[in-house]
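Working notes, beginning with the structure itself.
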Amino acid sequence: MDLLALAQDPTVWVALLTLIVMEVVLGIDNLIFISILTNKLPEHQRERARRIGIGLALIMRLGLLATVAWIVQLTQPVITILGNEFSWKDIILIAGGLFLVWKATKEIHHAMDPVDHKDNMVGSAATVSYGGVIAQILLLDLVFSIDSIITAVGMTPHVPIMVIAVVVAVTVMLLAANPLANFIEKNPTIVMLALSFLMLIGTTLIAEGMGFHVPKGYVYAAMAFSALVELLNMLSRNARRKKA
C-alpha cells in the first residue's frame, strides 16, 4: 500500500494516533532514566548529553525499523530452561530489567547514605564519566527501543506509520528532556519517586521476560497516581512555607 492510499484510510489514522500515544508513554521510562543520569554530569555537559542520548534512541529505533523482519524473529524461542521457553526479546528484557533494578537500588542506597560513595549509581557530578553516562544511556536505549518497536509491530503492519510515530515520540522526548531534568533536580523528593519508577519499570521488564504479562495500563496508572500524590505534597509544602 502506497503513502497516498495510507493517508486516505481512516483506520490508518487511528492506528497512527494510538501508536504515537503508546510510543510517547513508553518513552517516559527512557526519559526519566536519561534525566537522572545526565543530572550527575557538570551543568555545562547535561543538555548535550541529553540530546545525544535521545538522538541515539531515535537512530536506534529507526535502525530497528529497517530490520523489522529480524525484530519479529526475536520473539521466537531460542532456549528452554526448566520447561520455560525464552526468546532473544525475553533475554534482552530480563537483562535490561535487572540493570534498571540494580541501578535504581544503588542510587536509592546512596540517597539514604550519601557518605557511602562506593555505592553511588554513576559517581558524583565531579567524577562521573561523560562517556560512561552515554554508554549507560545507549544500553537502556537498546532495551527500550526493542520493546518499543515490537509494540509498534504488534499494532500496525505499515512501516511508514511506525516511522512517523517514532519520530513524533522522540521529538516530544527531546522537547521535554530539559524541563523534566530541571524539575527533577530542583525537587529532591521527585528524584526518589523517579528512582522508584525505574525500579517498578525494571521489575515489569523482568516479569515480561519471564513470560508474565503485566498490563502497562496498570503500571502507568500506578505511576500517575504516585506522581499526583507527590504533586499534592509539593503544593502542601509550598503553602506551609508561604504561610510561615
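Filter segment 218-244 down to residues that are surrounded by 11 or more Cβ atoms within 10 Å (Cβ to Cβ) and under 30 Å from GLN76 (Cα atoms), then give me how many there are.
The total comes to 2.
Suppose we keep only residues that are without any contact (Cβ under 8 Å) to a residue 12 or more places away in the chain and in a loop (DSSP other than H, G, I, E, B) within segment 194-217. Which one would you say is surrounded by the most Cβ atoms within 10 Å (Cβ to Cβ)?
The extreme case among them is VAL214.
Test ILE190 against the stated conditions and say whether it is surrounded by 15 or more Cβ atoms within 10 Å (Cβ to Cβ) and more than 16 Å from ARG50 (Cβ to Cβ).
Yes; evaluated as a whole, the condition is true for this residue.
Tally time: how many residues in segment 70-108 are at pLDDT 80 or above and surrounded by 13 or more Cβ atoms within 10 Å (Cβ to Cβ)?
Selection size over segment 70-108: 23.
Look at SER129 and say whether it is under 22 Å from ILE54 (Cα atoms), modelled with pLDDT under 85 and surrounded by 19 or more Cβ atoms within 10 Å (Cβ to Cβ). Show your work before the answer.
On the way: under 22 Å from ILE54 (Cα atoms): yes; modelled with pLDDT under 85: yes; surrounded by 19 or more Cβ atoms within 10 Å (Cβ to Cβ): no.
Here the answer is no, as SER129 does not meet what is asked.
Can you tell me how many residues in segment 38-69 are surrounded by fewer than 20 Cβ atoms within 10 Å (Cβ to Cβ) and closer than 21 Å to THR204 by Cα?
Residues that pass the stated criteria total 0.
The values are calculated or read from the model by the stated rules, or taken from the named source; none is laboratory data. The structure presented is a predicted model; accordingly, all values stated were derived computationally and were not measured. Glycine also receives a Cβ, built like all others from the backbone with ideal geometry; neighbour counts cover every protein chain displayed.
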